[in-house]
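Here the structure is laid out as structure tokens; the discussion comes afterwards.
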Amino acid sequence: MLEVKNLRAKIEGKEILKGLSMKVNPGEVHAIMGPNGSGKSTLASVLAGNEDFEVSEGTVSYKGENLLEMEPDVRSHKGVFLAFQYPVEIPGVSNINFLKAAINERREAHGQEPITAKEFLKRVKEKASLVELDNKLTNRSVNEGFSGGEKKRNEIFQMAMLDPTLCILDETDSGLDIDALKIVANGVNQLRSKDRSFIIVTHYQRLLDYIVPDFVHVLYDGKIVKTGGKELALELEEKGYDWIKEEQNPVEA
Amino acid sequence: METLIEETKISALATSLSGSFSNKIPDHFKNTAERATGLMSGLEFPSTRDEYWKYTRTAQISKVDWKFSDEIFNAEIPAHISGPKIVFVNGHLNSELSDLNANANFEIGPFHESNLDVEKEFEPYEDFRTNPFLALNKAMPQNGYVLRVSAKSNIENTIAVVNIYTGDKVISQPKNVVVLEKGSSAKIKEYHIHTKNSGKTFANTHSSFVVGRNAQLGIDILQYGSDESFHLQNADFLLDRDSRVVQNTFTQEGNWTRNNTNVRIQGENVNANLNGFYIPSGTEHIDNHTIIDHEKSNSESNELYRGVLLDKSVGVFNGKVFVRQDAQKTNAFQSNGNVLISDTATMNSKPELEIYADDVKCSHGSTTGQLNDEAIYYLQTRGVPKKLARKMLISAFAEDVLKHLVSEDIRGEIEEKIDTKLAK
Ligand SMILES: Nc1ncnc2c1ncn2[C@@H]1O[C@H](COP(=O)(O)OP(=O)(O)O)[C@@H](O)[C@H]1O
Ligand SMILES: [Mg+2]
């Protein structure tokens, strides 16, 4: 599904990703953990197509195509979805109207007819209930006046609406209380399937109690420095990130 | 040298125009016209040294050998303007294209046939030195519409007024008068259309609105200039107590547009609303100047002007709010927001508050910025192409003005103009 090779990316001249490689197969759930500032959001942004980041080296192939050459909307049409760490508020643009436009753009790209009003409403109802998102919120301006938790649930709602094949979740758990976390995790779990892959970026192990990953990677200083199974997350929870840092920067004897 | 100086005088233009002026001035207005003619001598075309004209040059107007035109028949009314309307072409009534009839509740007709005299009430505010074009309009007023709504009458349907300006080097000076008597209400939509590819046209309009006690007036103005048009629209409002007014100005296109709207709040508990939206492209120039004068207490005014500026266009906003000493408990809000779509577009925005009362709530804000790139990126990641994402953001921005529309039926053409201008 996704193969990242030796990816280097910078922003404002500063190199953030320093030769990152990873491979995600259909149906797999990969967790990416790492200390703040290690480049997790940068990786998510580069995969989603944020122009602010400049890729200086490496390749990203997605379903056999060069992902880096595509506009963000084209990536979306091909099944990439990013749940933002900080969802953007867009006053005056209705959540539901823009989602309908988004769905229809994707359908057009696939040579399909626009979605019918009935079908669309049915889907809204179904997917909103998946993350227990209030009906009122689906109709409001995108994220405007939403609480932190509502914004995160809205991200998962949009994800469910758009039916992606590669879901990238950037710290969707941060700022959520335990009940909201369970709701979000439950929503994600229901979306798991053999054709759909997940990259779950998180700082804490907590979310991984509910969404059990197939692989856990540790991202440190722009590179993946460790990969393991779900038990690696528990180890990180127990020991923190310092031992990783020490391993990477051994004190000269 | 002598002649050069002479040419910058408004009175020189008036003299050269008098030969082609064929409209009849109604008796009640003759004194006003004479007075305006007299006061005009010595007035120059405004220059950018004049504060009121700082960002809007009139030199291009002063250089054209303007004349009035009697040509009224070759005018076409855009198909989308349906329903009853009163139509003026180059400052003359075109009764063939007009199909608006008065009834017991209201009178409507051309200025020259009306004996409705409101000039005296406006005289204290007249300032030809600041705006010499007003003197020109009053010296040679042409036909616009006069509407009088009887006390307690409510005109159900929107009254459509269509002004067409056509020909080459043609000046038009429609004079409009609207009087809403006590407790009456009316809705108006005004079209100002400069014919494309016909040559240079200059509309120098003036409207007097007298809104009586507890009366309600709503007016939408649609301005369609051409590549060679000069559109100068002057409006003066007198508002009596308990009245409510909404004016929305949509500058759809046009080479040079200047709107001067002055509102005098003469009673308590008035609600005055001035809104505008403009989306200039190419080298278009659009200038909105407003004055809201709170003379009495307990009234409220709201101004919302929003602009989207493309290419090398220039926008100007100047909103002056006066709160006089007697106008305690005034609420005055003003906001001007602009989005620059190109690096070469310019916006000059100046809100001015002059407050002489102490117990008031006033706020003004002016912002000029770019579209939110983060929002565009966010929408793109959901599958919305960049162009459509931009359009969504601009539509949302325009909606803050559009939601004040008096006649919802013109929404479509405004949204369409936004779409076509952004698509280029
Ligand atoms: N827009 C930006 N401009 C400048 N530096 C940035 C920007 N975004 C991120 N960075 C820098 O890139 C580094 C990695 O950030 P990020 O990818 O957000 O880390 P993480 O998500 O792992 O916490 C940090 O040092 C951060 O300061
Ligand atoms: Mg981050």
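For the reader, a short list of remarks on this structure follows.
- Chain B - share of DSSP beta bridges that are antiparallel (%, nearest 5): 5
- Table column - 3J(HN,Hα) (Hz), the stretch B:287-296, Karplus curve with 6.51, -1.76, 1.60, x for Gly and Pro: 10, 10, 10, 10, 10, 10, 10, 7, 9, 10
- Spin-label pair A:Ile115/A:Tyr241, simplified geometry with 7 Å Cα→Cβ offset, distance in nm: 3.7
- Chain B: most fluctuating residue of B:Asn372, B:Asn176, B:Asn271 per GNM, C-alpha cutoff 10 Å: B:Asn372
- Residue-wise HN-Hα coupling along the stretch A:54-67, computed from phi with Karplus coefficients 6.51, -1.76, 1.60 (Hz; x: Gly, Pro): 9, 8, 9, 7, x, 9, 10, 10, 10, 6, x, 10, 6, 5
- Rounded if a/c under 1.5, otherwise prolate or oblate - the stretch A:92-174, Cα gyration tensor axes: prolate
- Mean projected area of the Cα convex hull of the stretch A:141-253, taken over all directions, amounts to 8.6 nm².
- Accessible surface for A:Lys122 stands near 140 Å², nearest 10, in the context of the full protein assembly shown (1.4 Å probe).
- Solvent-accessible surface (1.4 angstrom probe) belonging to A:Phe146, in square angstrom, nearest 10: 10
- Residues whose amide H falls under 5 Å from that of B:Gln142, counting only those 5 or more places apart or on a different chain, are B:Gln173, B:Lys175, with hydrogens built in the peptide plane.
- With every protein chain in place and a 1.4 angstrom probe, the accessible-area ranking of B:Glu415, A:Glu132, largest first, reads A:Glu132, B:Glu415.
- Karplus-derived 3J(HN,Hα) values for the stretch B:342-356, using 6.51 cos²θ - 1.76 cosθ + 1.60 with θ = phi - 60°, are 10, 6, 9, 7, 10, 10, 10, 10, 9, x, 9, 10, 10, 10, 10 Hz; glycine and proline are entered as x.
- A:Tyr210, A:Tyr86, B:Tyr224, ranked by accessible area, largest first (probe 1.4 Å): A:Tyr86, A:Tyr210, B:Tyr224
- Whole-number D in µm² s⁻¹ for the stretch B:3-372, Kirkwood Cα-pair radius fed into Stokes-Einstein, 37 °C, 0.692 mPa s: 158
- Average beta carbon contacts from partner chains per residue of A:155-162, 10 Å cutoff: 1
- Antiparallel %, DSSP beta bridges [both residues in chain A], to 5: 60
- When you restrict to C-alpha pairs under 8 Å that are six or more residues apart and normalise by the size of chain B, the relative contact order lands at 10 percent.
- Kirkwood-type radius of the stretch B:227-385, with distances r between different C-alpha atoms, in Å: 16.6
- Cα centroid separation, the stretch A:1-68 to the stretch B:89-153 (Å): 68
- Shielding by other protein chains, B:395-406, mean Cβ within 10 Å: 2
- Heavy-atom accessible area with a 1.4 Å probe sorts B:Cys362, A:Cys167, largest first, into B:Cys362, A:Cys167.
- Amide H contacts of B:Val339 (H built 1.01 Å from N, under 5 Å, at least 5 apart or other chain): B:Gly307, B:Val308, B:Leu309, B:Gly369
- If you wrap the tightest convex hull around every Cα atom of the stretch A:2-248 and split its volume per residue, you get 123 Å³.
- Residue-averaged beta-carbon neighbours from other chains (10 angstrom radius) around A:71-77: 6
- Separation of the stretch B:227-291 and the stretch A:126-181, taken as the distance between their Cα centroids, equals 43 angstrom.
- At the residue level, B:Thr290 shows approximately 0 square angstrom of accessible surface with a 1.4 angstrom probe and all protein chains present.
- D_trans [Stokes-Einstein, Kirkwood Rh over alpha-carbon pairs] for the protein assembly as shown, 20 °C, 1.002 mPa s, µm² s⁻¹: 75
- One chain, two ends: B:Gln370 and B:Asp326. Fully extended at 0.36 nm per residue, the span grows by 11.8 nm beyond their Cα-Cα distance.
- For the stretch A:145-205, the fraction of alpha-carbon pairs lying more than 20 Å apart is 20 percent, rounded to a whole number.
- P(r), alpha carbons of the stretch B:17-116 - 5 Å bins starting at zero, rounded %: 2, 9, 13, 15, 16, 15, 15, 10, 4, 1, 0
- Backbone amide hydrogens, once placed in the peptide plane, bring A:Ile168 within less than 5 Å of A:Phe81, A:Leu82, A:Ala83, A:Ile199, excluding anything fewer than 5 places away on its chain.
The values are calculated or read from the model by the stated rules, or taken from the named source; none is laboratory data. Given the structure is predicted, the values throughout are model-derived calculations rather than measurements. So basically every Cβ, Gly included, is an ideal-geometry build from the backbone, and we count neighbours across all protein chains shown. When the accessible area is computed, the model is the full protein with side chains, heavy atoms only, and any ligands, DNA or RNA have been set aside. Shrake-Rupley method; radii C 1.70, N 1.55, O 1.52, S 1.80 Å.
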